[in-house]
1. How charged is the neighbourhood of K361? Take every other residue with its Cβ under 12 Å from the Cβ of K361, and add Lys/Arg as +1 and Asp/Glu as -1.
2. Need the list of aspartates and glutamates near K405 for cross-linking: C-alpha distance under 16 angstrom, and skip anything on the same chain fewer than eight residues off.
3. Which lysines, on any chain, are close to K306 with Cα under 22 Å apart, when same-chain ones fewer than 8 places away are left out?
4. Based on DSSP H assignment, which helices of the chain show an axial Cα extent of at least 27 Å together with a mean Kyte-Doolittle hydropathy greater than or equal to 1.6?
5. Rounded to the nearest whole Å², what accessible area per residue is found for the chain with the 1.4 Å probe?
6. If you average the alpha carbon positions of the range 160-183 and of the range 275-305, how far apart do those two centres end up, in angstrom?
7. Taking a probe of 1.4 angstrom, what is the accessible area of K154 in Å², to the nearest 10?
8. Of the heavy-atom accessible surface of the range 206-313 (probe 1.4 angstrom), what whole percent is carbon and sulfur?
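The values are calculated or read from the model by the stated rules, or taken from the named source; none is laboratory data. What you see is a predicted model; the values in this text were computed from it and never measured. Cβ coordinates were reconstructed from backbone atoms using ideal geometry, including for glycine residues, and neighbour counts include every protein chain displayed. Heavy atoms of the whole protein, side chains included, go into the accessibility calculation; ligands, DNA and RNA do not. Shrake-Rupley method; radii C 1.70, N 1.55, O 1.52, S 1.80 Å.
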Amino acid sequence: MAQSRGLLGSSRCVALECGMPGPLQGFRIVDVTAMVSGPSTTMLLADQGADVIKVENPNGGDHTRAATNQQNNFSATFLNNNRNKRSLALNLKHQDGIEALMRLVATADVFIQNFRPGVAERMGIGEEAIRAEAPAIIYVSISGFGDRGAYAGKPVYDPLVQAMSGLATVQAGSDEARPRLVRTILPDKLSGIVAAQAIAAALLSRERSGKGQHVRLSMLDTLVSFLWGSDMASQTFIGSDIPQQEAASFIDLIYETADGHISVAVQTDREWHALTRALDRPEWLEDERFKTPALRQKFIDDRLAKTQEVLATGTSAEWLARLEEADVPCSPVLTRSEVIQHPQVVANEVLWESEHHLAGKLRQARPAARFSATPTSLDRGAPGLGEHTEETLAEIGYDEDTIAKMLAAGVIGSSG
């Protein structure tokens, strides 16, 4: 076993469930994506047992291979978005490379790309060309702004989607405040989760109908949908005179204590009463501004300011103990280095530790979903560029002489 408690050494399987098939065992995915949105999609599926073959340009491969935070020439970003995959280094600008890709596609269940709209078609790997080789395949396209409209062909990165989706103004607190970015690439990563779920749904549909389909999603669609459930209430009622963007509180639910920070969040009357007891402020129950949940929301800045004033008088440990005793929702505020050591993270074995065959000792987050009958496992670390080229080509019928000629011609790349 190699989870948060120890290292497995050179074995290729990490987890108590080693050797047991994941829920997607038997499905093959051809992945020509790069960066994060596509690779995070296919890593989630690979963790669940799918055979993901990552097709990369022999000249450098996925752009994230060159990212910062490296060990033994492997970037952390690449390692954390590409485990459990095989790498096939294939030059798709060469006709023999396209031919090899099509032979691989004929054995696959899913083909996924995240080029700008129109690029896959110009390369000869659009849906029509792929479906000619595999009529029932699930063809997946991930884009930034969608495949129609003036923005469809524009280059896109995470901050642009945060800006276009409204997330930056939601994060600011109101339309009048300076927009702020969420300090993580939420559009990319959330799009990966949505795409993985959609692929699983499309495969389930195909199992019943026998028919494949094209799954399209954009990061912009993903973020707007994500925000709507909690942040677009005033945009929901058509023709309403509800203010289109009332200012939210400008105080985060992160409070300073005498020696650090904690988070405290209360919603219900019961929790509000419990908070007043824990902070020894019974007079707040008589304050007309705080009598109901609606009033406490209306006067949120006043309420949070009072809470902050009290919490600043004691240490984090003291307040957390009192709040927990009163059953008030609360938690410590942890740095990234503190997260990996926290007892709750350790108790739930949230992290895997393993020995990557090339990069060395690694710590990674295990897949969040736990399957009782078909558990996930870490069968292989992220691949070296072209590490599985010969292996994969042999599986689809290429002999050693042909592979050698393709290598000499620059059609393929190999780490061997």
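1. Combined, the nearby Lys, Arg, Asp and Glu give -1.
2. D96, E99, E390, E391
3. K291, K298
4. Both cut-offs are met by no helix.
5. Accessible area per residue: 52 Å².
6. 28 Å
7. 90 Å²
8. Working: 3470 of 6740 Å².
Percent of accessible area from carbon and sulfur atoms in the range 206-313: 51.
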